[in-house]
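Student: For reference, the structure I am asking about is given below.
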Amino acid sequence: MKSECVNDWSISLGNTTYEIVFTLQQFQEAIEHLTHAQGLEQVAFCLAKTRKRSNEVGFLIQSVLPVPSDAILVQKDYLVLIDPRFIIYVIKSCKRLNSSLILMHSHLRKATMHSYSQGDDEAERRIFTKVRERIPEQEHASVLLDGPYLLSRVWSKNEAEPIPVDTIAVVTKSTNGRRSVVKLPKITNKFEYDSINKLFKQMQE
């Protein structure tokens, strides 16, 4: 009863909840790319269709676009700079398909505090300002892989600062064709994704 009252109160205030939904194959592709170069930051872009229901917004991932090595200008353990021409290519693709843009990148250095850095804040603000100018009718978001966790936030057109994503979910399909949705465990604003990796490996065996 208590949680229902809280949910009703949230809805009455007009608060919006956000969810990002991957297929299992998309999720695995993204994670493998973000972690494949040991010690170096990686970046991938995702194009998503936006599902809006009352005060809920869902980003349904349609495709994962790993940034190729020839589109990377600088790559270190704490920094990655993408060729602006590739970013423009991705934004144009989103505009043509009327898609939302999900920016994913990794922090692979060991850290006790798992969070977006000041550099992340500045870079995402620049990118999403351009994205919102060109695709103002859609919401856009980012996902950070930081150690064993994923962090995610929405750069909403209605908010000056980014908003934490409420749910990251992965759609799986069993051998008999039955589909199920697995929501990543969440601790505060961090999502644990190792359980999905284990599930993927089990399905591959």
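The values are calculated or read from the model by the stated rules, or taken from the named source; none is laboratory data. Predicted, not measured: the structure shown is a model, and the values here were computed from it. Glycine gets a Cβ as well: all are built from the backbone with ideal geometry, and neighbour counts include every protein chain shown.
Student: Looking at Phe45, Phe27, Phe59, Phe22, which is the one that is hydrophobic (A, V, I, L, M, F, W, C) and over 17 Å from Tyr193 (Cβ atoms)?
Tutor: Values: Phe27 fails: over 17 Å from Tyr193 (Cβ atoms); Phe59 fails: over 17 Å from Tyr193 (Cβ atoms); Phe22 fails: over 17 Å from Tyr193 (Cβ atoms).
Answer to the selection: Phe45.
Student: If you don't mind, another one. Consider Val67 carefully, then state whether it is of a type in the set (Val, Ile, Thr), over 19 Å from Glu133 (Cα atoms) and in contact with a strand residue (DSSP E or B) (Cβ under 7 Å, 6 or more places away or on another chain).
Tutor: Values: of a type in the set (Val, Ile, Thr): yes; over 19 Å from Glu133 (Cα atoms): yes; in contact with a strand residue (DSSP E or B) (Cβ under 7 Å, 6 or more places away or on another chain): yes.
Taking the combined requirement at face value, the residue satisfies it.
Student: Go through region 46-80 and give me each residue that's surrounded by fewer than 18 Cβ atoms within 10 Å (Cβ to Cβ) and part of a loop (DSSP other than H, G, I, E, B).
Tutor: If the condition is that a residue be surrounded by fewer than 18 Cβ atoms within 10 Å (Cβ to Cβ) and part of a loop (DSSP other than H, G, I, E, B), then Ser54, Asn55, Pro68, Lys76, Asp77, Tyr78, Leu79 are the ones that fit.
Student: A follow-up question, please. I'm checking my understanding of the structure. Among residues of region 100-142 that are assigned to a loop (DSSP other than H, G, I, E, B) and among the charged types (D, E, K, R), which one is nearest to Leu34 (Cα to Cα)?
Tutor: Narrowing region 100-142 to residues assigned to a loop (DSSP other than H, G, I, E, B): 108-117, 135-139.
Those still in the list that are among the charged types (D, E, K, R) too: 109-110, 137, 139.
Values: Arg109: 13, Lys110: 15, Glu137: 29, Glu139: 23 Å.
The selected residue is Arg109.
Student: Another question, if that's okay. Any idea which residue in region 143-168 is farthest from Gln38 (Cα to Cα), counting only those that are surrounded by fewer than 18 Cβ atoms within 10 Å (Cβ to Cβ) and of a type in the set (Gly, Ala, Ser)?
Tutor: By that ranking, first place goes to Ala160.
Student: Could I ask something else about it? So which residues in region 174-196 are closer than 18 Å to Tyr116 by Cβ and loosely packed, with under 10 Cβ neighbours inside 10 Å? Show your work before the answer.
Tutor: First pass over region 174-196, keeping only residues closer than 18 Å to Tyr116 by Cβ: 184, 186-193.
Matches in region 174-196: Ile187, Thr188.
Student: Quick one: is Tyr193 touching a helix residue (DSSP H, G or I) at 6+ places or on another chain (Cβ under 9 Å), at pLDDT 95 or above, among the hydroxyl-bearing types (Ser, Thr, Tyr) and closer than 29 Å to Gly39 by Cα? Talk me through it step by step, then tell me what you get.
Tutor: Working: touching a helix residue (DSSP H, G or I) at 6+ places or on another chain (Cβ under 9 Å): yes; at pLDDT 95 or above: no; among the hydroxyl-bearing types (Ser, Thr, Tyr): yes; closer than 29 Å to Gly39 by Cα: yes.
So Tyr193 fails the test.
Student: Answer yes if at least one residue in region 143-155 is over 17 Å from Lys190 (Cα atoms) and either touching an Asp or Glu at 6+ places or on another chain (Cβ under 6 Å) or in a loop (DSSP other than H, G, I, E, B) (or both), and no otherwise.
Tutor: no
Student: Filter region 31-45 for residues that are among the polar types (S, T, N, Q) and out of contact with any helix residue (DSSP H, G or I) (no Cβ under 8 Å at 6 or more places or on another chain); which is surrounded by the most Cβ atoms within 10 Å (Cβ to Cβ)? Spell out how you get there, then give the answer.
Tutor: So in region 31-45, the residues among the polar types (S, T, N, Q) come out as 35, 38, 42.
So of that shortlist, the ones also out of contact with any helix residue (DSSP H, G or I) (no Cβ under 8 Å at 6 or more places or on another chain) come out as 35, 38.
Details: Thr35: 13, Gln38: 7.
It comes out as Thr35.
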